[in-house]
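Written below as structure tokens is the structure these notes are about.
Each reported figure results from applying straightforward, stated rules to the coordinates on display, with no laboratory input. Small disclaimer: the values here were computed from a predicted structure and weren't measured. Every residue, glycine among them, receives a Cβ derived from its backbone with ideal geometry; neighbour counts consider all protein chains shown.
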Amino acid sequence: MKVAQAFNPDLFLSFASPYAAHISRLMGKPHIAFDDTEHAKLGQFVYRPFTELVVTPQAYRQRFGKKQITFDSFIELCHLAPAYFKPDPSILAELHLTPEDRYILLRFVSWDANHDVGQKGLTRQQKLQLVDNLKPYGRIFISSEGTLPAELEPYRLKLPPEKLHHFLAYSSLYIGEGSTTASECALLGVPNILVNSLLAPATRPGVHVELERYGVQELLVSYQGLLDKAMALLQRETSAEWRKRRLRILDEKIDVTALMVWLLEGYPTSRDWLQKDPAYQYQFKIDTGVT
């Protein structure tokens, strides 16, 4: 509240932030929330009553009536579309890798977010087995929000967070419980397997259903079948095929950042325009840089 009062904004924009929603209401300013996580029920319950507009991907399964507009894209393209991100190969030398080296990233989450209540991830034994089976296929790196078994600590990825996406872009395979990182890999054309108990058909988020439909993401509810999927991807050398599928996504989806800027600069007229003519968003096509 102190920051907002000092800055005195015209409107608030957030990624489903209850804090922004509540302060915007206290200050009498509109709050626009972007959201792509259907199962974050508690967060929605807290922010939506104080939010003037909710902006979601078209694949998002929930509908909120007149308060909602949708966009035909993925939120991760805000920072990973070609206009905003170009992989830096110097990341390889920083980790003592060469362009010919294959490496695999495993990501384990802490399961303490409010939308993770009642969910669970891979066991200690499953993590150990996964590393043991993947070692012959490339160097293993692990990103973990929590404590790792002592045997796996040497594999921990030591990298500044701002360099993570450069690291992802050159990896051979991602396997993890973290859905955002999996989606980022998918939109970088990197083979990835998301294993998460929230991926049961009844609770499977719409964005992951769409990424799977494009063929840029493999989804699993549990450890069962994970090793077989991983081996199949590593043995088939699928990276070129996944990059081709990524280009199809870039060709069909819109530039979310460009849409966001236009929406904010013209608000609320821009909101009214999109509600009247949702197809107007296709004015903001992604520049793939491919001729």
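Odds and ends about this structure:
- Simple label model, 7 Å out from Cα along Cβ direction - residue 200 to residue 4, nm: 3.7
- Pairs beyond 31 Å (Cα-Cα), from 67/229; 29/86; 163/285; 41/127; 158/253; 229/253: 67/229; 29/86; 158/253
- Net charge dipole size for the chain [Lys, Arg +1 and Asp, Glu -1 on Cβ; Debye, nearest 20]: 480
- Fewest neighbouring Cβ atoms within 10 Å first, the residues 261, 46, 216, 54 line up as 261, 46, 54, 216.
- Entry note, the range 75-190: relative contact order of 38 percent, from Cα contacts under 8 Å with a spacing of 6+ residues.
- Among the listed options (i) 1.12; (ii) 1.06; (iii) 1.36, the one matching Cα Rg over 2.2 N^0.38 Å as calculated from these coordinates is (ii).
- Neighbourhood net charge (13 Å Cβ-Cβ; Lys/Arg +1, Asp/Glu -1) for residue 17: +1
- A cut-off of 5 Å between modelled amide H atoms, ignoring neighbours fewer than 5 places along the same chain, links residue 31 with 12, 52, 53.
- Listed by chain and number, the aspartates and glutamates whose alpha-carbon sits under 19 Å from that of residue 276, ignoring those within fewer than 8 places in the same chain, are 52, 72, 265.
- Extension gain, residue 126-residue 11: 0.36 nm per intervening residue step, less the Cα-Cα distance, totals 36.7 nm.
- Within the range 126-222, the trypsin sites (Lys or Arg not before Pro) that combine a DSSP coil assignment with at most 14 other C-beta atoms in a 10 angstrom radius are 158.
- Cβ-based exposure ranking for 187, 122, in which fewest neighbours within 10 Å come first: 122, 187
- Relative exposure of 36, 88, 272, judged by other C-beta atoms within 10 Å (fewest first): 272, 88, 36
- Projected label distance in nm at residue 157 and residue 245, using a 7 Å step from Cα toward the beta-carbon: 2.0
- The chain: calculated mean residue ellipticity at 222 nm from DSSP helix runs of at least 4, using -39500 (n - 2.57): -10500 deg cm²/dmol
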